[in-house]
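Below: the structure, in structure tokens.
The values are calculated or read from the model by the stated rules, or taken from the named source; none is laboratory data. Being a predicted model, the structure only gives us computed values, none of them experimental. Note: areas computed on protein heavy atoms with side chains; ligands, DNA, RNA excluded. Shrake-Rupley method; radii C 1.70, N 1.55, O 1.52, S 1.80 Å.
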Amino acid sequence: MSAPLLEVRGLSKHFSVRRRAGWTRKVHPLRAVDDVSFTLDAGETLGLVGESGCGKSTLGRTVLGLLAPTAGEVLFEGEHLTEGDPRLRRTAQIVFQDPYTSLPPKMRVGRIIAEPLLIHDLVPRADVTERVASLLRDVGLKREHASALPHQLSGGQRQRVGIARALAVEPKLIVADEAVSALDVSVQAQILNLLKDLQEQRGIALLFISHDLGVVRYMSHRIAVMYLGRIVELGPAVDLVEQPLHPYTRGLLAAVPRIDARRSAVRIESEPPNPVDPPEGCRFHPRCPIAQSRCSHDPPQLLDWLPGREAACHFALDGPDAPAPVAGDRLHPPGAAS
Ligand SMILES: Nc1ncnc2c1ncn2[C@@H]1O[C@H](COP(=O)(O)OP(=O)(O)OP(=O)(O)O)[C@@H](O)[C@H]1O
Ligand SMILES: [Mg+2]
């Protein structure tokens, strides 16, 4: 079996934050990403979903080498790529949330898209204009847009420019971080379809980050659900949405009315705890509708409960929508029959 395009092993990214303690201020670690592992195959879309502050952007940036990891490793085609590795820029690109601030305001669109071509010497200078025109066409814009300044374009058009810029280096991996969150709903669908078509036509692997599980389901082959710096569930998109294993996933689903019309899932109230001092045991237990005493002291590991389906919950197969394991299908606990 060939190595996955991207392999993330035990990745952590901690920040230091100062907090008041009596008269003094103490430095505390904030575990924005804490021991995260997953793989991504060439041409696959992995959705990354979770509430604000759970660590999605930090994970995306650490994977791309834009932030140095505190621990763990990122392998690209089986090799370590360290911060600043020039291969990383060619192989992995990021499309940001905010098309208003992520494009240089005084640079014309043609120049914005041409720059990566020139920096990496990807096409002869004489061919740059034509290449830019063809990239503009690929993202549904016109050749004439090359002479526009970002502020002369709509939000959707700007995000198309951001995508064309990412495509210019012919990346194998794109990280799209809330790529449509700042756009109107009608424009969101167009940009999602553009990203999906490009991903399929070019076999690009996509790490698609969003807090919206409905959007993530539409885009992804597999979904990873994050909670307070950790992946709590990972599995094929359809299975994860139809038969979630983790109570937090069920809670996220309950917040998506268009998915959840037929389900009587429990809504998860309140805000997530501060990641500076996460709860003992299972980090989700104070908000969990099915928590038991074990959950307050025994942190669940992310385990394969069924083929291809991982969850970090002691009671992953006990939920109301959980799949009934076929004999021999249940992988965890080893040999357990239900
Ligand atoms: N540079 C930083 N210094 C200190 N703390 C940070 C830094 N960047 C992020 N954090 C903290 O790390 C945690 C994860 O942040 P991150 O931006 O990765 O979350 P997110 O899931 O992308 O959220 P959102 O959905 O709002 O974009 C948060 O508690 C955030 O406050
Ligand atoms: Mg973010």
Original post:
How high is the relative contact order of the chain, in percent, counting Cα pairs under 8 Å that sit 6 or more residues apart?
Top reply: 18
Original post:
Computed over the Cα atoms, what is the radius of gyration of the chain divided by 2.2 N^0.38 Å, N being its residue count?
Top reply: 1.06
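Would you mind working out the accessible area per residue for the chain, using a 1.4 Å probe, and quoting it in Å²? Walk me through the intermediate numbers first.
On the way: 16260 Å² over 338 residues.
Computed with neighbouring chains in place, this is 48 Å² per residue.
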**OP:** Would you work out the relative contact order for region 125-218, in percent, from Cα pairs under 8 angstrom that are 6 or more residues apart?
**Re:** 25
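Kindly flag which residue pairs out of Lys106/Lys196; Lys142/Lys196; Lys56/Lys106; Lys13/Lys172; Lys13/Lys106 have an alpha-carbon separation exceeding 26 Å in this structure. Mind showing how you got there, number by number?
Numbers: Lys106/Lys196 30 Å; Lys142/Lys196 20 Å; Lys56/Lys106 30 Å; Lys13/Lys172 24 Å; Lys13/Lys106 34 Å.
As for pairs spanning more than 26 Å Cα to Cα, those are Lys106/Lys196; Lys56/Lys106; Lys13/Lys106.
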Original post:
Can you list, largest first and rounded to whole Å, the semi-axes you get for region 170-210 by taking the square root of 5 times each eigenvalue of its Cα gyration tensor?
Top reply: 19, 12, 6
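Mean residue ellipticity at 222 nm from the helices of the chain, using -39,500 (n - 2.57) per DSSP H segment of n ≥ 4 over the full residue count, to the nearest 500 deg cm²/dmol?
Working: 10 runs with 92 residues, N = 338.
One gets -7500 deg cm²/dmol as the mean residue ellipticity at 222 nm.
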**OP:** Throw me the Rg/Rh for region 2-58, computed over C-alpha atoms with Kirkwood Rh, two decimals.
**Re:** 1.17
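Carbon and sulfur: what percent of the chain's accessible surface (1.4 Å probe)?
Details: 8110 of 16260 Å².
Carbon and sulfur atoms account for 50 percent of the accessible area of the chain.
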Subject >> Cα pair distances in region 2-126, grouped into 10 Å bins until the bin that holds the longest one, percent each >> reply: 10, 32, 31, 19, 6, 1, 0
Original post:
Regarding region 148-306, what whole-number volume in Å³ per residue does the convex hull of its Cα atoms give?
Top reply: 154
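I need the per residue convex hull volume for region 112-186, using only the alpha carbons, in cubic angstrom as a whole number. Let's see the in-between values first.
Details: hull volume 7.5 nm³, N = 75.
Normalising the Cα hull of region 112-186 by residue number yields 99 Å³.
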